[in-house]
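Some notes on the structure that comes next.
The values are calculated or read from the model by the stated rules, or taken from the named source; none is laboratory data. Keep in mind that this is a model prediction, so the values were computed, not measured. So basically every Cβ, Gly included, is an ideal-geometry build from the backbone, and we count neighbours across all protein chains shown. For the accessible areas, the whole protein counts, side chains as well, though only heavy atoms, and no ligand, DNA or RNA atoms are used. Shrake-Rupley method; radii C 1.70, N 1.55, O 1.52, S 1.80 Å.
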Amino acid sequence: MTQDVKESFSEGAPPAPAALSAKVRTLAPTMTRSMQLVAEAVASDPAGCAALTVTGLAELTGTSEATVVRTARLLGYPGYRDLRLALAGLAAQQQSGRAPAVTADIAVDDPIADVVAKLAYDEQQTLSDTAAALDTVQLGAVVTAAAGARRIDIYGVGASSLVGMDLAQKLLRIGLIAHAHTDPHLAVTNAVQLRPGDLAIAITHSGSTGDVIEPLRVAFDRGATTVAITGRPDGPVSQYADHVLTTSTARESELRPAAMSSRTSQLLVVDCLFIGVAQRTYETAAPALSASYEALAHRHSPRHTR
């Protein structure tokens, strides 16, 4: 991964209109304040902004034409003209009958029915945003590395450790050697044993968790292929990652901090990775899955029948 992670988002084909809102939510925290104003404007009113020239959008947001163009490029478009086309497409999709967004945060005195509705919407939005922004080229490269890896080490702490354990369990069931490390000391001592042909995966929403970055750095220095699954692709973890898989920056609230809400998008990325590896190794994965199922089947049967 290049050190200037932001620039990498402008490479390749421009994102589809449906991915624009997700891109804004993911990248907004890394933008300058003036670029945030432009990004927020195009995400909140795509139809109105699509009708504006670059000068008009600059005047609307109180910024400059250069800022508008830089924002368009950071979002993945070659220029403002391409961003306007995407805005027009997004506006058309929204006008086709899409349900209005639920935007209110969960309050302490919310009825439980409202809590369910708000959480369900947030979860759906997080999954949609992550899927729209996920770089499938990077994902494919990680699938290839995992399918052929001698050993896979996964690092995560807190809520991310649960995702790491989920991935390790899935990979073990298809016959791969995978270990999830939640103890930072053990993570580093295990990373020292990695070498080229091995795979190390760091899961950190913030992209700056030291206990996750340190073992990834050691793995990187040892020549292993390294991956970061993060909501902050410009964070410190990315400088030691050969591949970066970006998760949606979920909307957080007082009762649901980002570290908790990010788990949904991380699990989607992990599932996509696992399915890709299972497809790539199907001849060995299918028998391994069948064997593990049979080995556990008796535990799911009643011990006594009448």
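Can you tell me the order of 150-157, 46-53 when each peptide is scored by its average per-residue count of other Cβ atoms within 10 angstrom, highest first?
150-157, 46-53
With an 8 Å Cα cut-off and a minimum separation of 6 or more residues, compute the relative contact order for segment 138-201 in percent.
44 percent
Heavy-atom accessible area of residue 179 with all protein chains present, probe 1.4 Å, nearest 10 Å²?
Number for this one is 90 Å².
Report, in debye and to the nearest 20, how large the dipole of segment 44-171 comes out about its Cα centre when Lys and Arg carry +1 and Asp and Glu carry -1 on their Cβ.
Around 660 debye, computed over segment 44-171.
Using the Karplus curve 6.51 cos²θ - 1.76 cosθ + 1.60 with θ = phi - 60°, work out ³J(HN,Hα) for each residue of segment 220-234 in order, rounded to whole Hz, and write x for Gly and Pro.
Once rounded to whole Hz, the list reads 4, 5, 7, x, 6, 6, 10, 9, 10, 9, 8, x, 10, x, 9.
How big is the charge dipole of segment 156-258 about its Cα centre, in debye rounded to the nearest 20, if each Lys and Arg gets +1 on its Cβ and each Asp and Glu gets -1 on its Cβ?
The dipole of segment 156-258 has a size of about 240 debye.
So who's got an amide H within less than 5 Å of the one on residue 197, skipping anything under 5 residues away but keeping other chains? H placed 1.01 Å off N, in plane.
For residue 197, the qualifying residues are 225.
Can you say what percent of the DSSP beta bridges in segment 139-276, counting only those with both residues inside, are antiparallel? Round to 5.
Taking every DSSP beta bridge within segment 139-276, about 5 percent pair in antiparallel fashion.
Which order do the peptides 264-275, 28-39 come out in when sorted by mean C-beta neighbours inside 10 angstrom, highest first?
Highest-to-lowest ranking by the protection proxy: 264-275, 28-39.
On the accessible surface of segment 145-258, probed at 1.4 Å, how many percent belong to carbon and sulfur atoms?
In segment 145-258, the share of accessible area belonging to carbon and sulfur is 50 percent.
Give, rounded to the nearest 20 debye, the magnitude of the charge dipole that segment 116-169 has about its Cα centre when Lys and Arg contribute +1 at Cβ and Asp and Glu contribute -1 at Cβ.
About 220 debye.
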